[in-house]
Amino acid sequence: MLKVVVSGASSGLGLALARHYLKRGAIVAAFARRGALLQALAAEFPDRVFCYTLDVRDAAAVRVAASDFITRIGAPDIVIANAGVSTGTLTEYAEDLDAFQQIMDTNVLGMVKTFQPFIAAMRANSSPEKVGPGGVLVGIASVAGFRGLPGAGAYSASKAAAISYLESLRVELHDSGVKVVTICPGYIKTSMTAINPYPMPFLLDVNEAAKRLARTIERQTTFTVIPWQMGLAGRVLKLLPRWLYDRLFAKAPHKPRNLI
């Protein structure tokens with residue numbers, strides 16, 4: 001039976017991913033801050049959801065949860081570091097500094113803290129010859145990490161850092177039997193994107209996004225942008241010379257500032 005850990009599992013993409021795997025018979029360790037929502041998920045799938053009410057910024061809490069799950073169920077086959085926060089930020093406002101801190105701590109260090117306590121057990125349980133979705137660390141980054149988006153300095157920086165961190169981790173774990181998968185979603189229909197006051201091309205339904213992510217994880221694809229159309233758009237953005245990028249995006253609409 002597949003064993004999956006999902007952070008940020010109480011809503012949005014994390015909840016959709018947890019449900020996707022549960023519907024296919026997996027056991028899921030669900031990490032999130034909102035315990036009542038995790039309990040609702042557990043009631044929907046009795047005896048197959050292990051609820052851990054925690055903040056991924058709290059390394060000690062994540063270590064305790066990981067140790068409990070490994071002791072009771074064994075090393076996970078898949079760990080999905082999905083927990084993330086987003087809000088518009090502007091460096092000129094002192095009151096936005098806390099939002100910068102929380103976004104970086106959650107989206108980058110939270111990913112590190114989610115993976116760290118599982119790696120040793122996954123190494124011991126994996127081998128380079130293992131076939132299928134076993135021993136996979138999955139980091140949810142974003143196309144927002146390809147270029148610095150105006151009004152989203154914290155979010156873009158956090159996702160760019162996540163992409164680089166995941167690449168480093170992939171190289172570190174090469175030939176260990178533990179695979180590292182980086183997924184950069186485009187726009188997904190969740191509460192996080194509902195407040196965006198601008199067009200969102202190729203917007204994906206959250207359940208469809210979860211299915212596509214799961215297929216990528218099963219294939220153990222090193223780096224994927226979902227949907228693929230956003231991958232093409234991202235490549236174009238990365239190729240734009242700085243002067244042209246600056247001119248095109250200087251007056252782009254900003255994500256609303258909504259202090260976390």
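Data table
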read-out: Filter pass, residue 32 being touching a Ser or Thr at 6+ places or on another chain (Cβ under 7 Å) and in contact (Cβ under 8 Å) with a residue 40 or more places away in the chain; value: yes
read-out: Selection status of residue 86, buried (at least 20 other Cβ atoms within 10 Å of the Cβ), touching a Ser or Thr at 6+ places or on another chain (Cβ under 8 Å), among the polar types (S, T, N, Q) and touching a residue at least 12 places away in the same chain (Cβ under 8 Å); value: no
read-out: Test: residue in region 125-144 that is of a type in the set (A, V, I, L, M), over 23 Å from residue 249 (Cα atoms) and part of a helix (DSSP H, G or I); value: no
read-out: Within region 204-260, tally of residues that are under 17 Å from the mean Cα position of the chain (by Cα), without any contact (Cβ under 8 Å) to a residue 60 or more places away in the chain and assigned to a loop (DSSP other than H, G, I, E, B); value: 4
read-out: In region 35-83, the residues that are assigned to a loop (DSSP other than H, G, I, E, B) and in contact (Cβ under 8 Å) with a residue 60 or more places away in the chain; value: 73, 74, 75, 76, 77, 82, 83
read-out: Filter result for residue 195 (aliphatic (A, V, I, L, M) and under 24 Å from residue 98 (Cα atoms)); value: yes
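No lab work stands behind these numbers, since they all come straight from the coordinates. The model shown is predicted, which means the values in this text are computed figures rather than measured ones. Here Cβ is always computed from backbone atoms with ideal geometry, including for glycine, and neighbour counts include all displayed protein chains.
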